[in-house]
Amino acid sequence: MSRSPGPAGATATLDATPEAAVAAQVRSTLEAVFEAVAETRADTAARLTGVAAQGRRPATVDLAALRPGIHLRLARQELVSGVGFVAAPGLLSDVPAWLEWWQTGSDGDVRPLLLDLDPAHSAYSDYTHWDWFALPRDTGQRAVAGPYVDYLCSDEYSLTLSAPVQVEGRFVGVAAADVYLRHFEAAVVPLLQQLPGAAHLVNARGRVAASADPAHLAGSLTKGPDFGAVLAGARTARHDGMRLIPCDGVPLVLVVLDP
């Protein structure tokens, strides 16, 4: 199994325990989605670097070059329901904000996300405070946001996986991919149910991403531990009767209650 770059010591969690094995399988599931994010990030950075070399600011027409790759990723990655690039406000010369975003419809066709981002009459004109944008911008790291009701794209309960895009050392936006929560749960909840203690998965802010524990429902917050520190330390920790196992480079923590 291939490994993406992660924090030093990330492989320490891959020991012989059932919890570590489940964490590794969760990681493998999400790495397929992060691969789509990474490819979109690379394409975007290359395109924007080329535009900068021409001595001009990019425009929405320049981002159209990303579409063939985006469409391929939607067709190839089973878990991915939407993917694209979200520009930092002020990046483009012709619009104040922009999502070069495509998604798979209920009938299987690939369609663009068409949004009114005019701040005069759009509630979605400022997307910079949403975790999927703010976390990569502020930390420089990959992020898992949600689950949340994705009113912006699909009205579905979703997770968004994202990563920062930089050009010449400057943050220019995020590459991201959406995963419907019901699809993610179908992939990982059977794994959680194999563990001897009640288990759930949380992101860096303690938001439950999937759960086999009725006391911790998806979308709720698990309070107490500093999950960001657990991810940064990349090793199993304990807190108040809970074992906290990082998913080996993916920004989720497996939380298992002592049986």
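The values are calculated or read from the model by the stated rules, or taken from the named source; none is laboratory data. Computed from a prediction, not measured in an experiment: that's the story for all the values here. Each accessible area value is taken on the protein alone, full model and side chains, heavy atoms only, with ligands, DNA and RNA left out. Shrake-Rupley method; radii C 1.70, N 1.55, O 1.52, S 1.80 Å.
Relative to the longest principal axis of the Cα atoms of the chain, the long axis of helix 67-76 lies at roughly 30 degrees. Per-atom-type breakdown for the stretch 53-112 gives carbon and sulfur 56% of the accessible area (1.4 Å probe, protein chains only). Where only DSSP H runs of four or more residues are counted, the chain gives -9500 deg cm²/dmol as its mean residue ellipticity at 222 nm, each run worth -39500 (n - 2.57).
Between Ala88 and Gly173, Val174, the built amide H atoms are under 5 Å apart, and every one of these is 5 or more places off in sequence or on another chain.
Volume of the convex hull of the chain (Cα atoms only), normalised per residue: 128 Å³.
Counting only alpha carbon atoms, the long axis of helix 181-192 and the longest principal axis of the chain meet at about 20°. Averaged over its residues, the stretch 36-143 has an accessible area of 49 Å² per residue, based on protein heavy atoms and a 1.4 Å probe.
Rounded, prolate or oblate, given the Cα gyration tensor of the stretch 188-259, with a/c below 1.5 counting as rounded? The shape class here is rounded.
One equal scatterer on each Cα of the stretch 148-197, no solvent, Debye formula: the resulting log10 I(q)/I(0) at q = 0.30 Å⁻¹ is -1.04.
Can you give the angle from 0 to 90° between the axis of helix 18-53 and the longest principal axis of the chain, with both taken from C-alpha atoms, to the nearest 10? Roughly 10 degrees between the two axes. Take the stretch 167-222 with all the other protein chains still there, run a 1.4 Å probe, and you get 40 Å² of accessible area per residue.
The amide H of Asp213, built 1.01 Å from its N in the peptide plane, has Ala199 as neighbours under 5 Å, considering only residues 5 or more places off or on other chains. As a length-normalised measure over Cα pairs under 8 Å and 6 or more apart, the relative contact order of the chain settles at 21 percent.
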